[in-house]
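Structure, as structure tokens:
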Amino acid sequence: MANPVRRRWTPVPFAQVELEDAFWAPRVEVNRAVTIPIEYQQCAKTGRIDAWKLDWKPGMQPEPHYFWDSDLAKWIEGAAYTLAAHPDSELERRVDDVVALIASAQQPDGYLNVYFSVVAPQDRWANLGMWHELYCAGHLMEAAVAYRSAWRTWQSHGIWKKQ
């Protein structure tokens, strides 16, 4: 029988880590109070959020770009990790609204990508190496995992309010 692998260290769930030092704690607070809201504003200002309405037509500006989905997914992920450590009902509502908009954009066959749904549907899956479909999907999956992890954290601390 082979020797079992023994861990020297055991991973700690991120929600169990509290940063109270002079270096990281202020940066985490700036991320929560400044960066996350500004990133949302930029996504709204540049059309990345409204693009999920799938109402773009040729000639309209801005034209969705094939990597836009990842930008909003990265915002969701960052917001989720922030929410896990610092519950905020307004930010939670904003994330939920964005998630609902994304869910409404999913195609009948399960496909989910703004650019290839409205700008170039004929090019779906045509260039996986360069056109970011897998990259965007990966970021969306990471966002979902982060938000689910935040939910579990809230639930374990008795602060989850949703039905």
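A short reminder: the numbers here are calculations on the coordinates, not readings from a lab. The structure displayed is predicted, hence computed values, not measured ones. Positions of Cβ are backbone-derived with ideal geometry, glycine not excepted, and every protein chain shown enters the neighbour counts.
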- Please turn the phi angles of the range 54-62 into ³J(HN,Hα) values with the Karplus equation 6.51 cos²θ - 1.76 cosθ + 1.60 (θ = phi - 60°), one per residue in order, whole Hz, x for glycine and proline. 6, 9, 5, 10, x, x, 6, 10, x
- Taking Rg and Dmax of the Cα atoms in Å as the quantity of interest, determine which of (i) 17.6, 59; (ii) 18.7, 68; (iii) 14.7, 46 was computed from the displayed structure. (ii)
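Per 0.36 nm of contour for each residue apart, how much would the distance between Q16 and D88 grow if the chain were fully extended, relative to their Cα-Cα spacing?
So the extension gain works out to 24.1 nm.
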- Could you list T153, T46 in order of exposure, starting from the residue whose Cβ has the fewest other Cβ atoms within 10 Å? T46, T153
- Message: In whole Hz and in residue order, list the ³J(HN,Hα) couplings for the range 17-25 that follow from phi through the Karplus curve 6.51 cos²θ - 1.76 cosθ + 1.60, θ = phi - 60°; x for Gly and Pro.
- Response: 9, 10, 9, 10, 8, 7, 8, 7, 4
- Within the chain, what is the longest stretch that has no chymotrypsin sites (Phe, Trp or Tyr not before Pro) placed in a DSSP loop and near at most 12 other beta-carbon atoms within 10 Å? 24-124
- Query: Stretch D55-N31 to full length: gain in nm at 0.36 nm per residue minus the Cα-Cα span?
  - Reply: 5.4 nm
- Exposure proxy check: C136, C43 ranked by fewest other beta carbons within 10 Å? C43, C136
- Query: Given the options D50, D21, D96, which has the most mean-square fluctuation in a GNM of the chain, springs set between C-alpha atoms less than 10 angstrom apart?
  - Reply: D21
- How large is the charge dipole for the range 33-156, taken about the Cα centre, if only the Cβ atoms of Lys, Arg (+1) and Asp, Glu (-1) carry charge, to the nearest 20 debye? 40
- Reported to two decimal places, what Rg/Rh ratio describes the range 1-68 when computed on Cα atoms with Rh from the Kirkwood expression? 1.30
- Query: Rg (Å, one decimal) plus Dmax (Å, integer) for the alpha carbons of the range 94-134?
  - Reply: 11.5, 33
- Query: So which residue, out of A84, A15, A126, gets the largest mean-square fluctuation from a GNM of the chain using Cα contacts under 10 Å as springs?
  - Reply: A126
- Task: Net charge near E133: determine it from the other residues with C-beta under 11 Å of the C-beta of E133, scoring Lys and Arg +1 and Asp and Glu -1.
- Result: -1
- Item | Fluctuation leader among P108, P121, P87 - the chain, Gaussian network, Cα springs under 10 angstrom | P108
- Task: Just rank H86, H65, fewest to most, by other beta-carbon atoms within 10 angstrom.
- Result: H86, H65
- Counting other Cβ atoms within 10 Å, keep those with at most 12, restrict to DSSP loop, and tell me which trypsin sites (Lys or Arg not before Pro) in the range 1-66 are left. R6, R7, R8
